[in-house]
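Each value in this text was obtained by applying a stated rule to the coordinates, not by laboratory testing. These numbers were taken from a predicted model, which means no experiment stands behind them. Reconstructed Cβ throughout: ideal geometry from the backbone, glycine too, with neighbour counts over all protein chains shown.
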Amino acid sequence: MIRNKTGVWGEVFTARYLRDNGYKILSSNYVCRFGEIDIIAQIGDVVCFVEVKTRNEKTDIRPMEAVDDGKQNRLEMTAKSFLSYTKIEAETRFDVCEVYLNDKNELSNINYIENAF
C-alpha cells in the first residue's frame, strides 16, 4: 500500500463514520504554522479535533501509538489556532480514529477513541 493513499482512505472512512454517528464536519485537513488536523467535527456543543491513523489490518502496533507527546502538543496548538481563526467558543476534545484496511484498501475496522488525550 502507498502510505499517502492509505491515509486518504482513512480520512474518507473516518468522515463517513462521523457523519453516520451524528457529527457535523467543520473542516478537513486544517493547516496552520503549527501543524495539521485531519478532521474537525462537532457533535452537540463539543468541537472534536480528530487525528486519523490508518494502518493495515495485519499490523501488530496500534495506530494510536503514533500520537506521541510531540504530536499531541502540535495538535493542541493547531486547535487553538483554528478556534482563534474561526471565533468558535465551545467545549473541545481530542479524538483519535484508528482505521484498519485490508490489502485492497477496503475498510476492515474502525476504532474511534474519544478524549484520547
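Values for this structure:
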| quantity | calculated |
| --- | --- |
| 3J(HN,Hα) from dihedral phi, the range 26-32, Karplus parametrisation 6.51/-1.76/1.60, rounded to Hz, x for glycine, proline | 8, 6, 10, 6, 5, 10, 9 |
| Whether the range 39-83 is rounded, prolate or oblate, judged on the alpha carbon gyration tensor where a/c under 1.5 counts as rounded | oblate |
| With Cα atoms, 0 to 90° folded angle of helix 3-20 axis to the chain main axis | 60 degrees |
| Hz values of 3J(HN,Hα) by residue in the range 69-85 - Karplus curve (6.51, -1.76, 1.60), Gly and Pro given as x | 4, x, 5, 4, 4, 5, 5, 5, 5, 5, 4, 4, 4, 4, 5, 5, 5 |
| Nearest-0.05 FRET efficiency for K5 and N73, computed from C-beta distance (R0 25 Å) | 0.35 |
| Entries in K71/K104; K24/K87; K5/K53; K5/K80; K58/K104; K24/K53 that, when Cα-Cα distance is taken, lie over 22 Å | K71/K104; K5/K80 |
| Estimated D of the chain in µm² per second, where Rh is the Kirkwood radius over Cα pairs and Stokes-Einstein applies at 37 °C, 0.692 mPa s | 228 µm²/s |
| Derived scalar couplings ³J(HN,Hα) [the range 53-61; Karplus, 6.51 cos²θ - 1.76 cosθ + 1.60; whole Hz; x for Gly, Pro] | 10, 10, 9, 5, 4, 8, 5, 9, 10 |
| Full-extension gain in nm, K104 to Y85, via 0.36 nm per residue minus C-alpha separation | 3.0 nm |
| Förster-model FRET efficiency, 25 Å R0, R16 and R93, C-beta, rounded to 0.05 | 0.80 |
| Under 11 Å, Cβ to Cβ, from L107 - net charge with Lys/Arg +1 and Asp/Glu -1 | 0 |
| Mean separation of Cα contacts under 8 Å, 6 or more apart, over the residue count of the chain: relative contact order % | 26 percent |
| At most 11 other Cβ within 10 Å, DSSP loop - GluC sites (Glu not before Pro), the range 34-117 | E89, E106 |
| Residue-count net charge about I40 - beta-carbon cut-off 15 Å; Lys, Arg +1, Asp, Glu -1 | -4 |
| Excluding exposed DSSP-loop trypsin sites (Lys or Arg not before Pro) (at most 16 other C-beta within 10 Å), longest clean stretch of the chain | 1-32 |
| Computed lengthening from S27 to T59, 0.36 nm per intervening residue step minus Cα-Cα distance | 8.6 nm |
